[in-house]
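The values are calculated or read from the model by the stated rules, or taken from the named source; none is laboratory data. On a predicted model such as this, the values are computed, not experimentally measured, just so you know. Virtual Cβ from ideal backbone geometry, glycine too; neighbours counted across all protein chains shown.
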Amino acid sequence: MLANTRRLFRLSSLKHRLVLLTSVLACAAVLLTTALDHTRERNAADAHQRVQAQALTAHIATLTAAGVAANDTGALNRTLEAFDSFPHIQRLVVTDRQDQVLAAVSRTPRGTLAPDGQTQVGAVHISRSRDLRAPIGPIAPTGWVHLSLDAPPRPPFFTATTALLLALILVVAALAVIGILRRPLADLAHAEALASALPAGTLIPPPRAGALDETQALSEALLHAAERVRQAQDRLAASHARVRAITDAALDSIITIDAAGCVIDFNPAAENCFGYRRQDTLGHPIAELIIPPHLREAHNRGMAHYLATGEGPVLSRQIEVLAMRKDGDTFPADMAIVPIDLNGAPGFTAYLRDISGRKQSEQALLEAKSLAEAANQAKSDFLANMSHEIRTPMNAIIGMTDLALETRLDDEQREYLTLSRDAADSLLSIVNDLLDYSKIAAGKLDFERIGFGLRDCIALSHRTLKDAAERKHLSFTYHVAPTVPDHLVGDPHRLRQVLINLIGNALKFTESGHITIHVGLTESTADSTELKFSVEDSGIGIAKDKQQLIFDAFSQADTSSTRRFGGTGLGLTICSQLIDSMQGKLWVDSEPGKGSTFHFTARFERASAPAAPITRPAETDLGSLRILVIAGNEASRSHLTGMIESWNMLCDTCASGAEALAGFSGEGPEVRYHAIVADTDLGDMSAFRFFERLNAHALAHPPIRLMTANAGQRGDAARCRSLGIQAYLSRPIEPSDLLDAILLAIGTDGIQPLITRHSLREQRRRLNVLLAEDNKVNQMLALRLLEKLGHATHVVNNGLEALAACESTHFDVVLMDVQMPEMGGFEATAKLREREAVTGRHTPIIAMTAHAMPGDRERCLAAGMDDYVAKPVQPTSLAAALAAIVSGDQRVVHREAAAAVASRPLTAFDQDTLLANLGGDRELMMQLATLYLDDEIALRESLKIACSGGDLQAIHSAVHGLKGAVANFSADSAMAAASALESVCRNGETERLDHAITQFNAELDRFAEALRGVAA
């Protein structure tokens, strides 16, 4: 039974399910209606009986009123028994007011009413009875009548009529449902047939007319879908046909395999390449067909790895493999493998191309290249060896010729030997070019990586060819921009070789006029720098269409140049190769008849430990020095003036000795010069004659005297001493030598031996300096100043790090900031002096302080320091302090920053003063500005935090740190506001604190805005 019921409810037919549902709903409706009618009839019968019983009870109460009043029990019993004809009455009881039974009758088994003798109203229990009570008496009850009636019989709920009606309704409902659903079900069956035909693309006739809208729409949608499926299948078939045609016509082998590695497609090109027929390969493992045996294991591992991870190192890229033909022959092939989808399973298509012919061609090319390189190497080796063999006797010829020229010769002999030496020099130059070119071709040209001084290198190049320039009466000068760093790492010999080659060309093609070397800065970082070199001449020039030709090997602008000036045509080619190796480029600007300028760039590393120039023995404010330059040659005068003005010195010039002497004639107010720099040739007289005539003037303030010469002559030193000339420098004059000579002569008032290039070298000493400074701007400034002074510097950020550095390394001097985090300068000095009390070794310490207040030097000395410099640190102040430490004489006069500020109007940022302090180094000024702006937020945030806490000591420390950074920029207004705020903090003037902070922040904003214009 249960199984049949389950099968019934598992009917899959929509028609059967709808009939069953309709029947169940109809039965439920009939049963519900019958139940409602039965309930309504029963309630009506109950209500009718209740009304009749109440009326009967009231009637009995009326009939028994007299008997109750008379207390006549017998009369009462007779009255009650008279109601025997009412079959529903089961018991009647009459009571008095106290419910004491006066008379009582009950239905006997015979169906009659008879007295029951019970004295209690409820003594007789009657099941399924209804009890009523009515008062006896019209106004005040004298007793009660109690009536018990049995319940009327209830009609049956489910009758035969009801069952018949229910069956009839079920039959009618089922027939109605079947009739209504017959057409829609037929339409659904048609739609089902359409859906079943979709995958196959079979066409089904459209639905019949009269179908429901829904089924009509469904059928039409299915018809459209069927049409689209058919069209897609047609396109897919056409695409497959095209792919097959392409595959069959492809020149490359195309092989498709499944996840098991078995072939499922093998195109005709693959048949021709591997020697298999397509039908012989289908279903066979690819590894057994085209992969050599020793590579099959690797192939299987790769397949397994891809199937496990979905990744493959050779997929979707071209690789070179070794393939195998049917006969076992192997050949190289280019292969690309692409993963494809094979009905949800992974597959692969491999594209292979036989590259045996290409490999053979490549091998032939490699062999030919090797033969050519071997031949070229043999040629280069031969040239290198021959050049070396020729150089040895040539050097001997030149040397012996020079020795012969130093002996006594008549004019004819000297002329012959001079011609021989010049010819030997020319031949040696040609041999050198051939040697370098052969080294370049042979790959044997090595580059050194050593530290060197750029200006020394330029000066040496200048000195090498200055005699040749003098013989042609050419002005030959050089100029290095002040911003160009001097201490570099690279190959100075190769740089000098390029310069000498370019200068030599300029000398060769210039008959009159000048040759000038310019060096400028194009790019600079913390680690490297790129420089631009220019060699300018006033020679014959080069035509535009010939300018590229001159850089080719063995080429010159025209053949007449070779006949007239000589040369191999290799010089510029060698220069170009050398410059390429220095990460630069070479080019030329020229016009015929107007001269040429050869430019080249080169990149060098910056040296971490530069060579040291001389330390200055005393502090001197360079901007206050006034120098007179006298030179008859304009190029020499311009060269000297450029160097002096780059140090912010005041410079006047004269083109002749007479013009200069006129200024000392006494006819006008005497111009006080700190020094006179006179060239050997003053045009109208020699420098010696000028100084002789100058000595005849009684000068109130005689200047220091310096003389420059093209070449030193015997007896010049004695004449200098006799004329009171303090310094004598021969060309080429290096800027550091000229500056050192001026400052050394001024600092000693000329009371010392004659200053020459050699004496400057002997006095030079390089110091190992420890810089303890926490502010990044101050660090950079001090580092650059120390670098320019030639000292090696190690940087630490606080006193603790300074102590650790001094423990591990010996320093010649320590530059110590006074206020630093973790440990300040005074505390670090005290700790260091405690150590030195044990070791017995003394390290000089120079304090750096931004206070610049009276008594600072005494406080520093009391703390154990040897000297101090005020911030902002001036180059001359620092040089003087270091010189005093070296010499042991610490009687140094310090320029107070406060006095300097008071002497000029307050400004947000004095760019001119800053540039003067930095020696005209605009690059350094921009770097300092950028560094301050980068750190400004952090510096001002520390002040903000200190102000929010209200701690005057913390505010003072934060202001001092900002003041130390700002002081470097000659920011007078900000410095004044900082000093005012420091004073408020020191004196505890809390009522002025907010105003002082606001004023300081406003000045910092002004200063930062001005500084952004410099950093931009």
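Looking only at segment 776-796, filter to residues that are buried (at least 20 other Cβ atoms within 10 Å of the Cβ) and of a type in the set (Gly, Ala, Ser); which one of those is farthest from the chain's Cα centre (by Cα)?
It comes out as 790.
Assuming residue 93 fulfils every condition listed in (1) modelled with pLDDT of 80 or more; (2) loosely packed, with under 13 Cβ neighbours inside 10 Å apart from one, which condition is it?
Failed condition: (2).
Conditions (1) assigned to a helix (DSSP H, G or I); (2) among the hydrophobic types (A, V, I, L, M, F, W, C); (3) surrounded by 15 or more Cβ atoms within 10 Å (Cβ to Cβ), marked per residue:
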site: 254; (1), (2), (3): no, yes, yes
site: 265; (1), (2), (3): no, no, yes
site: 271; (1), (2), (3): yes, no, yes
site: 279; (1), (2), (3): yes, no, no
site: 334; (1), (2), (3): no, no, yes
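Quick check on this structure: which one of 718, 655, 711, 698 is within 26 Å of residue 469 (Cα to Cα), surrounded by fewer than 20 Cβ atoms within 10 Å (Cβ to Cβ) and either among the aromatic types (Phe, Trp, Tyr) or at pLDDT below 85 (or both)? If you could, list the steps in order and put the result at the bottom.
Details: 718 fails: within 26 Å of residue 469 (Cα to Cα); 655 fails: either among the aromatic types (Phe, Trp, Tyr) or at pLDDT below 85 (or both); 698 fails: within 26 Å of residue 469 (Cα to Cα).
Checking each option against the conditions leaves just 711.
Answer with yes or no whether residue 298 is loosely packed, with under 14 Cβ neighbours inside 10 Å and either among the acidic types (Asp, Glu) or assigned by TED's automatic domain parsing to the domain that holds residue 268 (or both). So that I can check it myself, show each step before the final result.
Values: loosely packed, with under 14 Cβ neighbours inside 10 Å: yes; either among the acidic types (Asp, Glu) or assigned by TED's automatic domain parsing to the domain that holds residue 268 (or both): yes.
Taking the combined requirement at face value, the residue satisfies it.
Taking segment 345-360 as the region of interest, how many residues are in a strand (DSSP E or B) and within 45 Å of the chain's Cα centre (by Cα)? First the steps, then the outcome.
Going through segment 345-360, the residues in a strand (DSSP E or B) turn out to be 345-354.
Right, trim to within 45 Å of the chain's Cα centre (by Cα) and you get 345-353.
Count: 9.
For residues in segment 968-988 being at negative phi and loosely packed, with under 13 Cβ neighbours inside 10 Å, which is farthest from the chain's Cα centre (by Cα)? Outline the logic, then answer.
First pass over segment 968-988, keeping only residues at negative phi: 968-969, 971-987.
Now drop any that are not loosely packed, with under 13 Cβ neighbours inside 10 Å, which leaves 986-987.
Details: 986: 44, 987: 48 Å.
Per the stated criteria, the residue is 987.
Only residues in segment 294-311 that are in contact (Cβ under 8 Å) with a residue 40 or more places away in the chain and closer than 18 Å to residue 341 by Cβ count as the first member; pair them with residues that are surrounded by 10 or more Cβ atoms within 10 Å (Cβ to Cβ) and acidic (Asp, Glu), Cβ under 7 angstrom, at least 6 apart or cross-chain, and list the lot.
Qualifying pairs under 7 Å: none.
Quick check on my filter: what residues within segment 620-652 are farther than 24 Å from residue 474 by Cβ, in contact with a strand residue (DSSP E or B) (Cβ under 6 Å, 6 or more places away or on another chain) and outside any helix (DSSP H, G or I)?
Selection gives 626, 627, 628, 649, 650, 651, 652.
Of everything in segment 433-486, what is surrounded by fewer than 18 Cβ atoms within 10 Å (Cβ to Cβ), among the charged types (D, E, K, R) and modelled with pLDDT of 70 or more? Give them in sequence order.
449, 456, 463, 467, 470, 471, 472
Which of the residues spanning segment 512-529 are in a strand (DSSP E or B) and closer than 20 Å to residue 500 by Cα?
From segment 512-529, those in a strand (DSSP E or B) are 514-524, 528-529; that's our starting set.
Answer for segment 512-529, where residues must be in a strand (DSSP E or B) and closer than 20 Å to residue 500 by Cα: 514, 515, 516, 517, 518, 519, 520.
Does residue 951 count as of a type in the set (D, E, K, R) and over 30 Å from residue 531 (Cα atoms)?
It is true that residue 951 is of a type in the set (D, E, K, R) and over 30 Å from residue 531 (Cα atoms).
Of these, 603, 637, which one is within 30 Å of residue 505 (Cβ to Cβ), of a type in the set (Lys, Arg) and modelled with pLDDT of 90 or more?
Numbers: 637 fails: modelled with pLDDT of 90 or more.
One residue alone meets the criteria, 603.
Looking only at residues in segment 141-168 that are of a type in the set (A, V, I, L, M) and at pLDDT below 75, which one is nearest to the chain's Cα centre (by Cα)? Step through it out loud before you land on a result.
Here is the first cut: in segment 141-168, the residues of a type in the set (A, V, I, L, M) are 145, 147, 149, 151, 160, 163-168.
From what is left, the residues that are at pLDDT below 75 are 151, 160, 163, 165-166.
Details: 151: 102, 160: 96, 163: 91, 165: 91, 166: 88 Å.
Looking at the filtered set, the residue picked out is 166.
Conditions tested, residue by residue: (1) modelled with pLDDT of 90 or more; (2) under 23 Å from residue 243 (Cβ atoms).
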site: 312; (1), (2): no, no
site: 325; (1), (2): yes, no
site: 339; (1), (2): no, yes
site: 346; (1), (2): no, yes
site: 349; (1), (2): no, yes
site: 355; (1), (2): no, no
site: 362; (1), (2): no, no
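Report, by residue number, each residue of segment 787-842 that is among the charged types (D, E, K, R) and touching a Ser or Thr at 6+ places or on another chain (Cβ under 6 Å). I'd like the intermediate steps shown before the answer.
The first filter runs over segment 787-842 and keeps only residues among the charged types (D, E, K, R), leaving 787-788, 801, 807, 812, 817, 822, 827, 831, 833-836, 841.
Matches in segment 787-842: none.
Consider residue 936 carefully, then state whether it is within 22 Å of residue 914 (Cβ to Cβ) and either in a helix (DSSP H, G or I) or modelled with pLDDT under 80 (or both).
Considered against the rule, which asks whether it is within 22 Å of residue 914 (Cβ to Cβ) and either in a helix (DSSP H, G or I) or modelled with pLDDT under 80 (or both), residue 936 comes out as yes.
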